[in-house]
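The values are calculated or read from the model by the stated rules, or taken from the named source; none is laboratory data. All values reported here derive from a predicted model rather than from experimental measurement. Here the Cβ is made from the backbone with ideal geometry for all residues, glycine too, and neighbour counts use every protein chain on show.
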Amino acid sequence: MSSDSYFSYKKLFKKLIDEEMSNKELMDRANISRSTFYKIKNSENVTTDTLLRICDYFDCDISDIVERVKK
């Protein structure tokens, strides 16, 4: 069964711009591998553990970095 929606990480990338933070800095500070970061960049699925590490780093809620988008 195919889903009619996906997760978008545009909010996360906007936050990086607002914080003047590079992708590499986020990977280093939130302990995210390059392959996982590229999954995020391509709106692919990542673990909730990864999202939690990002939220912990920014001290934010998941809705501040991810949103569900209908196709």
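Just one of the listed residues (Arg68, Arg29) is at pLDDT below 95 and not small (Gly, Ala, Ser), namely Arg68. Scanning the range 1-30 for residues that are under 15 Å from Thr50 (Cβ atoms) and loosely packed, with under 12 Cβ neighbours inside 10 Å yields one hit, Asp28.
Can you tell me which residues in the range 30-60 are touching a residue at least 24 places away in the same chain (Cβ under 8 Å), out of contact with any strand residue (DSSP E or B) (no Cβ under 8 Å at 6 or more places or on another chain) and not hydroxyl-bearing (Ser, Thr, Tyr)?
Keep residues of the range 30-60 that are touching a residue at least 24 places away in the same chain (Cβ under 8 Å), which gives 30, 40-41, 43, 45, 54, 56-58, 60.
Still in the running and out of contact with any strand residue (DSSP E or B) (no Cβ under 8 Å at 6 or more places or on another chain): 30, 40-41, 54, 56-58, 60.
Passing the criteria: Ala30, Ile40, Lys41, Ile54, Asp56, Phe58, Cys60.
Just the residues that are within 10 Å of the chain's Cα centre (by Cα) and acidic (Asp, Glu), please, taken from the range 45-66. Across the range 45-66, the qualifying residue is only Asp64.
For the range 1-15, residues that are of a type in the set (A, V, I, L, M, F, W, C) and assigned to a helix (DSSP H, G or I) total 2. On the stretch given as the range 38-71, residues that are exposed (fewer than 12 other Cβ atoms within 10 Å of the Cβ) and of a type in the set (Asp, Glu) total 4.
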